[in-house]
Every structure is written in C-alpha cells, then in structure tokens.
Amino acid sequence: MDYDLLKVKMKKNKITYESMAKMLGITLNGFSNKINQTNSSGFYVDEANLIRKTLNLSREETFTIFFNN
C-alpha cells in the first residue's frame, strides 16, 4: 500500500481529507486513521473504488495505492 501516492493525488486534485471523508461517509478522524494507517486495517474495497473514481486513478495507480505491499 502506498498511501503517500494517495496523498499526492488528493493534493493534485485539491481534495481535502474532510471532503474525502464526507464523500466516503466516514468521520474525518476515521479517514485520517486509514490514510495514516493508525488503528486501522486500511480502506475497504468499496471505499477504494469511490476514491479511484473521485481521483480518476488508473488501474496501476489503484493497485499501487491499495494493494501493493
């Protein structure tokens, strides 16, 4: 998982943690925990899919961000 790339993509698209959390239907704290891998196992598949669509991520970017170790 490469959540640093996710942070870069969000910044490039001018999407804040708050707006992404709202779009995913989770709290800001919950999103922050997920992206910083604090007390969390990461994003669920449906959340990853929403993020992919919102940021218009390629398949390769999606795999790198959410599935690559």
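Summary table below
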quantity	calculated
Within the stretch 19-63, tally of residues that are under 16 Å from Tyr3 (Cβ atoms), touching a helix residue (DSSP H, G or I) at 6+ places or on another chain (Cβ under 8 Å) and of a type in the set (Ser, Thr, Tyr)	5
Residue within the stretch 33-51 that is among the hydroxyl-bearing types (Ser, Thr, Tyr) and either touching a residue at least 12 places away in the same chain (Cβ under 8 Å) or touching a strand residue (DSSP E or B) at 6+ places or on another chain (Cβ under 9 Å) (or both) present	no
Residue list for the stretch 35-58, filter: among the β-branched types (Val, Ile, Thr) and modelled with pLDDT under 90	Thr38
Matching helices (runs of 4 or more DSSP H) fully within the chain where at least 3 residues are out of contact with any Ser or Thr (no Cβ under 7 Å at 6 or more places or on another chain) and of a type in the set (Val, Ile, Thr)	45-55, 59-66
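The values are calculated or read from the model by the stated rules, or taken from the named source; none is laboratory data. Because the structure is a prediction, the values reported are computed rather than measured. Every residue, glycine among them, receives a Cβ derived from its backbone with ideal geometry; neighbour counts consider all protein chains shown.
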